[in-house]
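The values are calculated or read from the model by the stated rules, or taken from the named source; none is laboratory data. Quantities reported herein were computed from a predicted structural model and do not represent experimental measurements. We place every Cβ from the backbone using ideal geometry, glycine too, and count neighbours over all the protein chains shown.
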Amino acid sequence: MNKAHVIEHLRFALTAQLHNAKQAAQAAHDAATHEESVAETQYDTLGLEAAYLAQGQAERVNDCYRAIQLFEAIFNGSNFHQVREGALLCLMDENEQVKWFYLGPHAGGLTVTVKDTHICVVTPQAPLGKQLIGKQCDDEVTLTMAGRAHTFVIVHVM
């Protein structure tokens, strides 16, 4: 796995999220300021609802900008021996299935695909991220999901 390719895919995905958020914010703003959104009676809340939606979408845009800034701060890091923010890592479960993760500062759950391999962003605040911090190759982590314990071995840390 080439970490530089993963980082480029993450940059593209974060930029795409920002673009989508901007479009949604613009559409929400247009709806909130449209002449049909003006309240006709005291019970007409269409304009108020549209304004709340526009505010939420604007916050989403700001969140996307923040995510890009946080990721850019760690993208320049080289390969690591211990798991920390900016590490690309490969885990193997008890069924010998391989899973790839990027320990990022934000955007947990974001998934990119590089050469048919899915890489999922996990944050240090996530249960898996908390267990991974400071670990090295061949260390094990156990995560309980749906009442069942799953053990993973760290195969690669980059």
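Things worth noting here:
- Condition check for LEU91: modelled with pLDDT of 95 or more and hydrophobic (A, V, I, L, M, F, W, C): yes
- Sole residue being surrounded by 13 or more Cβ atoms within 10 Å (Cβ to Cβ), touching a Cys at 6+ places or on another chain (Cβ under 8 Å) and farther than 30 Å from VAL155 by Cβ, chosen from LEU14, LEU18: LEU18
- Taken residue by residue, segment 88-110 has at least one member that is exposed (fewer than 15 other Cβ atoms within 10 Å of the Cβ) and within 30 Å of ALA24 (Cα to Cα).
- Looking across ALA31, ALA58, one residue alone is outside the structural domain of GLY104 (by TED's automatic domain parsing) and either part of a loop (DSSP other than H, G, I, E, B) or closer than 20 Å to LEU14 by Cα (or both). It is ALA58.
- Any hit, segment 136-149, residues being free of Cβ contacts under 8 Å to residues at least 24 places away in the same chain and surrounded by 17 or more Cβ atoms within 10 Å (Cβ to Cβ): yes
- Criterion (assigned to a helix (DSSP H, G or I), under 30 Å from VAL153 (Cα atoms) and either of a type in the set (A, V, I, L, M) or out of contact with any Ser or Thr (no Cβ under 8 Å at 6 or more places or on another chain) (or both)) met by exactly one of ALA24, ALA107, ALA50, ALA67: ALA67
- Scanning segment 70-89 for residues that are in a loop (DSSP other than H, G, I, E, B) and under 14 Å from the mean Cα position of the chain (by Cα) yields GLU85, GLY86.
- Among the criteria (1) farther than 20 Å from GLY108 by Cβ; (2) in contact (Cβ under 8 Å) with a residue 24 or more places away in the chain, the one ARG11 does not fulfil is (1).
- Of all the criteria given as (1) surrounded by fewer than 17 Cβ atoms within 10 Å (Cβ to Cβ); (2) more than 30 Å from CYS90 (Cβ to Cβ), the one not satisfied by GLN57 is (1).
- Considered as a group, the residues in segment 114-154 that are assigned to a strand (DSSP E or B) and among the polar types (S, T, N, Q) include one that is nearest to the chain's Cα centre (by Cα), and that residue is THR117.
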